[in-house]
1. Please work out whether the chain counts as rounded, prolate or oblate from its C-alpha gyration tensor, where a ≥ b ≥ c are the square roots of the eigenvalues and a/c under 1.5 means rounded, while otherwise a/b larger than b/c means prolate and anything else oblate?
2. Per residue of the range 24-33, what does 6.51 cos²θ - 1.76 cosθ + 1.60 with θ = phi - 60° give for ³J(HN,Hα)? Whole Hz please, x for Gly and Pro, Karplus curve as stated.
3. Roughly speaking, to the nearest percent, how much of the range 1-44's 1.4 Å accessible area is carbon and sulfur?
4. Around residue 86, which amide H atoms from residues at least 5 apart in sequence, or from another chain, sit under 5 Å from its own amide H, with H modelled in the peptide plane?
5. In square angstrom, what is the accessible area per residue of the chain with a 1.4 angstrom probe?
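The values are calculated or read from the model by the stated rules, or taken from the named source; none is laboratory data. Nothing here was measured: the structure is a model prediction, and the numbers come from that model. Each accessible area value is taken on the protein alone, full model and side chains, heavy atoms only, with ligands, DNA and RNA left out. Shrake-Rupley method; radii C 1.70, N 1.55, O 1.52, S 1.80 Å.
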Amino acid sequence: DYSRPAIQSYKGNRKSFSLSSSLVNQLKALSDNNQSTLFMTLLTAFYVLLYRYSGQGDIVIGTPIANRNREEIEHLIGFFVNTLALRAKLTDE
């Protein structure tokens, strides 16, 4: 929508919010009824929100995953996180 500044500031921001317990229970029930996890339900809602704001039908979201899926490395100390790219095509384009 606008050009980038000549000098990048690298300023970021975040927004925290809470969901009521009744809403969380409804979301869990929706997840159960659709044989999905709560993560999948919330991720889908986030995709729809991004689509609505951006108008882009092909969206990729990065999510951290822990690589401790083997018993022999469960006791190791360290940062074993990778980012998994999850792609959703919300339109037929």
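1. Numbers: a/c = 1.69, a/b = 1.13, b/c = 1.50.
Judged from the Cα gyration tensor, the chain comes out oblate (a/c at least 1.5, b/c at or above a/b).
2. 4, 5, 5, 5, 5, 5, 4, 4, 4, 5
3. Working: 2340 of 4470 Å².
Within the range 1-44, the accessible surface is 52 percent carbon and sulfur.
4. 61, 62, 63
5. Values: 8690 Å² over 93 residues.
Here the per-residue accessible area is 93 Å².
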